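Data block below; observations after.
The values are calculated or read from the model by the stated rules, or taken from the named source; none is laboratory data. Keep in mind that this is a model prediction, so the values were computed, not measured. Quick reminder, even Gly has a Cβ in these numbers, built from the backbone with ideal geometry, and neighbours come from all protein chains shown. We work out accessible area using only protein heavy atoms, side chains counted, and drop any ligands, DNA or RNA first. Shrake-Rupley method; radii C 1.70, N 1.55, O 1.52, S 1.80 Å.
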Amino acid sequence: MEAILMATDQPLHSADFARVLDCPVTEADRLLTELADEYDAQHRGFELRRTARGWQFASRAEFEGVVSRFVTDGQTARLSQAALEALAIIAYKQPVTRAQVAAIRGVNSDGVIRSLSVRGLIREAGTDPESKATLLATSGLFLDYMGIESLAQLPPLAPFLPAQSAANSDEAFGMDS
């Protein structure tokens, strides 16, 4: 399993290992979990992480700051405030159209949406049946960067909203209670 993980450039699901190793998916998943636990016990600089896109090696979370500085040394690759706003809207309201993002932000968001798409943080998710506009959603890469396996793990919005609008937070982002 280690050799396969080292040879791949993308995350792999337990089913991928099961197919190649000719074993049940539950066995592959158990072995991957044991391997991840072994790396944790040894406190290595890397970990075997399960994400929405599958299992992959990653820098241990406590070292990500130093690794990030190494990788981005001399680069300014941070998202702008506008891009972060658009990304948050897409993450919490998806699937959503460009026009809906612009309406919530109050400004044209085509440029930041294009930037988020180029970075692989968002993807097209079909077409709105009423307007025929392209629907946008976050990508697996977004989940990986957030360190979560599903959108259900996103933090609730209410604690970050002003008191008078906290009661309407779900409605503002089109979410049902």
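Worth pointing out:
- All positions within the range 115-132 that are exposed (fewer than 14 other Cβ atoms within 10 Å of the Cβ) and farther than 25 Å from ARG78 by Cα: GLY126, THR127, PRO129, GLU130, SER131, LYS132
- The numbered conditions (1) modelled with pLDDT of 90 or more; (2) open to solvent by 30 Å² or more (accessible area, probe 1.4 Å); (3) not polar (S, T, N, Q) are all true for LEU136 except (2).
- When ARG98, ARG78, ARG105 are checked against the criterion of being farther than 23 Å from ALA158 by Cα and out of contact with any strand residue (DSSP E or B) (no Cβ under 8 Å at 6 or more places or on another chain), a single residue qualifies: ARG78.
- Matching helices (runs of 4 or more DSSP H) fully within the range 1-108 where at least 3 residues are surrounded by 12 or more Cβ atoms within 10 Å (Cβ to Cβ), touching a residue at least 60 places away in the same chain (Cβ under 8 Å) and in contact with a helix residue (DSSP H, G or I) (Cβ under 8 Å, 6 or more places away or on another chain): 81-93
- Count of residues meeting criterion [modelled with pLDDT of 85 or more and on the phi > 0 side of the Ramachandran plot] in the range 54-84: 1
- For ILE148, the conditions (1) open to solvent by 40 Å² or more (accessible area, probe 1.4 Å); (2) assigned to a loop (DSSP other than H, G, I, E, B) are fulfilled apart from (1).
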